[in-house]
2 protein chains.
Amino acid sequence: MKKRSSITDIANVLKISPTTVSFILNGKAREKRISVELVEKVEKYIAEVGYKPNSLARSLRTGKTNIIGLMVESISNPFFATIARRIEELAYKNGYKIIYSSTDNNTVRTKELIQMFRERHVDGYIISPPEGIEEDVSSLINAGIPVVFFDRYLTDVAVDSVTIDNFSSSYDAVKHLISTGCRNIGFVTLDSLQTQMQDRLSGYEKAIEEAGLTLHVKEIGFNQSTENIVRHIVTFLKRSVKLDAIFFATNYLGISGLKAIRTLELDVPNDLSVITFDDHELFELHKPSITAIFQPVDEISDKVINILLNKMKSGAKHKKEQNLVLPTELVIRDSTIAATVPMVNND
Amino acid sequence: MKKRSSITDIANVLKISPTTVSFILNGKAREKRISVELVEKVEKYIAEVGYKPNSLARSLRTGKTNIIGLMVESISNPFFATIARRIEELAYKNGYKIIYSSTDNNTVRTKELIQMFRERHVDGYIISPPEGIEEDVSSLINAGIPVVFFDRYLTDVAVDSVTIDNFSSSYDAVKHLISTGCRNIGFVTLDSLQTQMQDRLSGYEKAIEEAGLTLHVKEIGFNQSTENIVRHIVTFLKRSVKLDAIFFATNYLGISGLKAIRTLELDVPNDLSVITFDDHELFELHKPSITAIFQPVDEISDKVINILLNKMKSGAKHKKEQNLVLPTELVIRDSTIAATVPMVNND
DNA sequence: CTGAAAGCGCTAACAC
DNA sequence: GTGTTAGCGCTTTCAG
């Protein structure tokens, strides 16, 4: 009984041709000068039987699916979840749906995902790319399918992107630490060649070297369990020259770091100043509250989706690609307040 | 040049019929007794030109899309993000992709989403349902499309579901508070008729009444800004009878609650014991660490996807629906440790 | 064992 | 202004 009616059924019942119905459905009634009465009649009937077009068939015919593929590192990371939420929102408002997937920063997996998305004829891609997918992305671009990167980019392929100024953010954070009197500043990052991680590292290095200090870098392998990360950080904090500040390069390193600091019962900021990349609800509520580099997630989302929507509209014209770099904000909290006792340079 | 080749192209080049190619592609070679040489030849050629079937066309023909629609309250809520992540993982392993969307607990929006998903011929649905979508879900069920609810359910429609034992979780949490000597226990919840919230409320009420204590319930409207929630909680804590414990019914109420408590500079647990529904990284690191009701997110995800996969395989046979109710775990931390000074009943 | 052909539901040139 | 018709790429019955 609930047999879905097709455009032909409608045409048959109304004794007109499917074309006419199609035109009316697609708002081309005026353009095709279809009589107002007919239009009304058709619309009335459509509403009556609750007809809904089969978008699969439509997609097969038009080659458009109105679906955007969103590939993030992991949807369970609050940074990506927040961005995904907003992108979803904006996409819906523009008639697009999102198919998402988590790449796990895994190249093979991501290649497969792109492949699957292609089979689905996804109209556009938003990707926080892992290393090594240059070819697949090029192939997309060559096929005229719009792609936008965010959070990081790939150096060997020209793609629109929205990132933040990782280098300066990191540089400024370290300068801030130095200005509060810290001399032995550790940097905990991921063992990753991705641009955002490399830039954060460079910013740290530049600031440290400019101040004539020594580098203390700890690189942690990707995809470790939290417990393992904590263990690594604990070791780092115990082993090396006594640090008076530590800088975490991502939010979850920061969280693990706080766990490590807690295990060691260090007094922040007196024993150790702490600063971390990416803000997080946790950092404001923590005692002491944690200084963090806030990424403009809303703006990132807005820019990403806008660039993509534009490209999709303009048929992916070969305009010069845009590479937006947004500023961040250093949110200074209690974990880096200069000690109340005046510092004396003690080296 | 990169012209996608179709099954007919392949057939033409190889001088065979599309049927044969299709059979080989779908692993029906043996069944159809196609010669091994032919199969190899075709497979070789397919690999060579990198042919990929057009799943749109396939879906149009078969009516299957291998897509699961996942509708959560909000993907930016860590509880849902974690579950979404795991469901995605398991779905992929079984050849399914996920289209997700956030319902915002908005009935109208959710109805529209279901409508859109239907147009896309999504194969199955995983929904944390807002109120008022009974009809739409019934219509899905009647059409033989599998649906699984989680986190909450709708009373007027028979659908498989995976939930937790909200009533007992809440009841036990309150009993725990009472056992540490708390007498004036506040309950901060959402102004919502959803089953999970109602059950949490009932559990609280039962425990309070059994102990001969008075109820102190604060209901907060849905979709408020964090600032507003904090303001409400601050007022609640200031206004009412001096509470010696507070119980938050969701993780984000808990987080807002901690902000409120901080504003008021209350001493936890000495001034106020705190307990909250849903565990969160934050709660372990908070000083003092916060007692929380841990939901078995992995198990929830596993059960949900398994039930759905089974239903999709078995052609949604009208088996009796399953309504799984999983236990939670009360993770006792410092925010509810009994005061070290022996308590004296002082009323 | 393999092929011909119909058709899923829709769109858009092209006719009239 | 409206209808005819040819596919989009695939699956599948039915013939041979």
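Quick rundown of the values:
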| item | result |
| --- | --- |
| Qualifying residue in the range B:25-39 (condition: more than 16 Å from DNA strand C (Cβ to nearest atom), outside the structural domain of B:SER301 (by TED's automatic domain parsing) and of a type in the set (Gly, Ala, Ser)) | no |
| Qualifying helices (runs of 4 or more DSSP H) (wholly inside the range A:2-76; at least 3 residues being away from chain B (no Cβ under 14 Å) and among the polar types (S, T, N, Q)) | A:18-25 |
| Matching residues, the range A:86-95, being open to solvent by 10 Å² or more (accessible area, probe 1.4 Å) and either in a strand (DSSP E or B) or touching a residue at least 40 places away in the same chain (Cβ under 8 Å) (or both) | A:ARG86, A:LEU90, A:ASN94 |
| Unmet requirement for B:SER55, which otherwise passes all of (1) near DNA strand D (Cβ under 10 Å from one of its atoms); (2) over 30 Å from B:MET116 (Cα atoms) | (2) |
| Filter pass, B:ASN106 being more than 13 Å from DNA strand D (Cβ to nearest atom) and at the interface with another protein chain (Cβ under 9 Å from one of its Cβ atoms) | no |
| Flag if A:GLU299 is within 17 Å of the chain's Cα centre (by Cα), in a helix (DSSP H, G or I) and surrounded by fewer than 19 Cβ atoms within 10 Å (Cβ to Cβ) | yes |
| Unique match (being polar (S, T, N, Q), within 15 Å of DNA strand C (Cβ to nearest atom) and open to solvent by less than 80 Å² (accessible area, probe 1.4 Å)) among A:SER17, A:SER76 | A:SER17 |
| Of all residues in the range A:1-14 being among the hydrophobic types (A, V, I, L, M, F, W, C) and in contact (Cβ under 8 Å) with a residue 24 or more places away in the chain, the one that is nearest to DNA strand C (Cβ to nearest atom) | A:ILE7 |
| Qualifying position, being within 16 Å of DNA strand D (Cβ to nearest atom), within 30 Å of A:GLU112 (Cβ to Cβ), among the aliphatic types (A, V, I, L, M) and open to solvent by less than 20 Å² (accessible area, probe 1.4 Å), among B:ILE67, B:ILE46 | B:ILE67 |
| Any pair with Cβ under 6 angstrom, 6 or more apart, that starts in the range A:23-38 at a residue that is near DNA strand D (Cβ under 9 Å from one of its atoms) and open to solvent by 50 Å² or more (accessible area, probe 1.4 Å) and ends at one that is of a type in the set (A, V, I, L, M, F, W, C) and modelled with pLDDT of 85 or more | A:LYS32/A:PHE23 |
| Among residues of the range A:213-259, those that are in contact with a strand residue (DSSP E or B) (Cβ under 6 Å, 6 or more places away or on another chain), open to solvent by 20 Å² or more (accessible area, probe 1.4 Å) and in a helix (DSSP H, G or I), counted | 1 |
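The values are calculated or read from the model by the stated rules, or taken from the named source; none is laboratory data. Computed from a predicted structure; not experimentally measured. Note that we place each Cβ from the backbone using ideal geometry, even for glycine, and neighbour counts take in every protein chain shown. Each accessible area value is taken on the protein alone, full model and side chains, heavy atoms only, with ligands, DNA and RNA left out. Shrake-Rupley method; radii C 1.70, N 1.55, O 1.52, S 1.80 Å.
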